[in-house]
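To start, the structure itself, in structure tokens.
Bear in mind these aren't lab numbers, they're just calculated from the coordinates by the rules spelled out. Quick caveat, the model's predicted, so the values are computed rather than measured. Methodologically, a virtual Cβ is constructed for each residue, glycine included, from the backbone with ideal geometry; neighbour enumeration extends over all protein chains shown.
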Amino acid sequence: MEVSPILKSFLAGTFSGSCSTLLLQPLDLVKTRIQTSVTFNTPGMVTVALGVVRQDKLLGLWKGLMPSFSRAVPGIGFYFTSVHYLRSNYGSDKPSLAESAVTGMCARAMSGIMVIPFTVLKTRYESGLFSYHNGLANALVLTYRTEGCRALISGLSPTLMRDVPFSGLYLMFYTYFKQIVNDNITDESRRPALHFICGLKAGMLASLITQPADVVKTLMQTDAKKHAKVFETVSYVFEKYGAHGFLRGVVPRTLRRSLMAALAWTVYDGVSRRFGLKG
């Protein structure tokens, strides 16, 4: 039986999401701990990581892995499915930078809204400020009962303000760098490694541009009552930490997002070629 291209793209996306999430969860946890630290001086990435290991052993760096999987795996699957659908039905063979940006933004908006409750729980698990001992389903129920539905969609605006531009910028930069490689490299065996480097460069640029929204999103999702509105949270960060407060956690986030996006797209491109999908 012939498998639908939509299903193929979803499977390719979930596979790439699983690999990247498992490998890079420690960077996400460290980033969240830095952003939720109440100290004025931002703790260093190594300092935070060593503190987690001392308190929770090495596996503590993977705290929040299950909600990360619950968010990232279907989320990345839906994202790549949306990208494939948009490209197949509305895209061109050689998409322009603007077309790539719009495709990435639309795909991320759809997937981001679908998985926002899991994004909230992931952030809370990683912050170390919440203890959910009975599994993800119970965490969803407990949050709903104690804080209401609003808590499960807290930070939606800054999440979309971060992820939608990130995905648009990333896909635009990645398409640009990848096209240069494809136009100049004829050796197929070299392309996966070069595409990975393209993904790293695209991820670094997109991460730096969207970093402030990530800081705001983290605060809103770890304390939905105190930080209920975007502009009030922006003012809080600026007044408490100054302009550099919006760069808290920028190093681990840039490393993680760049590596995760590069790995996800490299794996997705490879699986897509095997499935015969439009690249």
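Helices that extend 27 Å or more along their long axis by alpha-carbon positions and average at least 0.0 on the Kyte-Doolittle scale are, among the DSSP H runs of the chain, 5-36, 65-90, 156-184, 191-222, 250-275. Using bins of 5 Å that start at zero, the share of Cα-Cα pairs per bin across the chain amounts to 1, 6, 12, 17, 19, 16, 13, 8, 5, 2, 1, 0, 0, in whole %.
Multiply the residue gap between Ile209 and Asp187 by 0.36 nm, knock off their C-alpha separation, and tell me the result in nm, one decimal place.
On the way: separation 22, 0.36 × 22 = 7.92 nm, distance 3.33 nm.
Stretched out fully, the Ile209 to Asp187 stretch lengthens by 4.6 nm.
What order do you get for His133, His244, His84 when you list them from fewest to most C-beta neighbours inside 10 Å? Intermediate results must be reported in sequence, preceding the final value.
Numbers: His133 6, His244 11, His84 25.
So the ranking, lowest neighbour count to highest, is His133, His244, His84.
Along the chain, counting only trypsin sites (Lys or Arg not before Pro) with a DSSP assignment other than H, G, I, E or B and at most 13 other Cβ atoms inside a 10 Å radius, the longest segment between sites is 58-224.
Taking only alpha carbon atoms, segment 6-151 gives an Rg to Rh ratio of 1.05, where Rh is the Kirkwood radius.
Evaluate E = 1/(1 + (r/R0)^6) for Leu23 and Arg274, where r is the Cβ-Cβ distance and R0 equals 22 Å; express this FRET efficiency to the nearest 0.05.
In this case the efficiency is close to 0.55.
GNM on the chain, alpha-carbon springs under 10 angstrom: the most fluctuating residue among Thr123, Thr222, Thr143 is Thr143.
Output the relative contact order of the chain, whole-number percent, from Cα pairs under 8 angstrom with separation of 6+ residues.
27 percent
About its Cα centre, the dipole of segment 5-275 is roughly 420 debye, where the only charges are +1 on Lys and Arg Cβ and -1 on Asp and Glu Cβ. Using only C-alpha atoms and all pairs of different ones, pull out the Kirkwood radius for segment 189-279 in Å with one decimal. Across segment 189-279, the inverse of the average 1/r is 15.0 Å.
Efficiency by 1/(1 + (r/R0)^6): what FRET value for Tyr144 and Asp56, r their Cβ-Cβ distance, R0 = 22 Å, to the nearest 0.05? Don't skip to the end; give the middle numbers.
Values: r = 27 Å, r/R0 = 1.23.
That gives a FRET efficiency of 0.20.
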